[in-house]
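Only one structure is covered here, and it is reproduced in the block below.
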Amino acid sequence: MTILLFALLGLITAVFINILADHLPERQTPQMPYCLQCGHPYEPIGWLALTRWLWGGGICLECGNLEPKRPPLVEIVTPILFALLPILFDDPRIWFIYAAYIAILILIIVIDLEHKLILNVVTYPATIFAIFGAIILPNSENSWKLALAGALFGFIVFFILYWIGEKMFGVGALGFGDVKLAMLLGAMVGLQSIPFTLALGIVLGGVGTVLILLINRRVGRHTALPYGQYLAVAGIVMLYWGTAVANYYLP
């Protein structure tokens, strides 16, 4: 029953993730779902993108335009990730705090993929929330001291990489948003797990970049590619298994 409830919570959360992803990059006040093409507001039953795709094939019944595929994907992935929390962890404190972390990271992934932006309005409040959230978490997962130290570690490491990339390849080699994201991840996973998180993010980014270069020949050395989603994915992975990894390598 708990697993189903968290899956439902994930589905509801996904609706708000999609709303924020549509409006925050445009600096607009978030509103309940509506067709981004014609502005037609959806009925409450249509606030779920999955219902619109099941009933209308993802086509707005008002203007006939095809809706983005991102909203239903978010509504599939988020409940699955939320449902894993009560499966992998016994402490309800972890369920709710990590659910909030996962929602934040999914929002960052979506906005970075679509707009190549990592917004201050997301990272700064989320970092403060993560530091205070660590007070609630059991000490086996994190603490406010480890969260604060992890945030500093993530910021410093990626600021150095940002500076090196700027000197070697020019502006845009690594965005400063990635530095702020590394800081946020450090607060979320703590000092004991942030080195592994950043390492995994760098590996994922390297593999992803190589695959993009192989698939799209128009992408060159100086093409700006969003990197934040790799770090955010690494953060989600390490929220689930970071403590086990840290305990294995740092007993």
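Every condition in (1) out of contact with any Leu (no Cβ under 7 Å at 6 or more places or on another chain); (2) free of Cβ contacts under 8 Å to residues at least 40 places away in the same chain holds for residue 110 except the one numbered (2).
The residue of the stretch 1-50 that is farthest from the chain's Cα centre (by Cα), among those that are hydroxyl-bearing (Ser, Thr, Tyr) and either exposed (fewer than 12 other Cβ atoms within 10 Å of the Cβ) or at pLDDT below 80 (or both), is 42.
Here residue 160 meets the list (1) under 27 Å from residue 6 (Cα atoms); (2) free of Cβ contacts under 8 Å to residues at least 12 places away in the same chain; (3) not in a loop (DSSP other than H, G, I, E, B) almost entirely, failing just condition (1).
Just one of the listed residues (179, 122, 189) is outside the structural domain of residue 18 (by TED's automatic domain parsing), surrounded by 23 or more Cβ atoms within 10 Å (Cβ to Cβ) and β-branched (Val, Ile, Thr), and it is 189. In this structure, residue 11 does satisfy being in contact (Cβ under 8 Å) with a residue 60 or more places away in the chain and either over 30 Å from residue 135 (Cα atoms) or touching a Pro at 6+ places or on another chain (Cβ under 6 Å) (or both).
The values are calculated or read from the model by the stated rules, or taken from the named source; none is laboratory data. Every value quoted in this text rests on a predicted model; they were computed, and no experiment measured them. Here the Cβ is made from the backbone with ideal geometry for all residues, glycine too, and neighbour counts use every protein chain on show.
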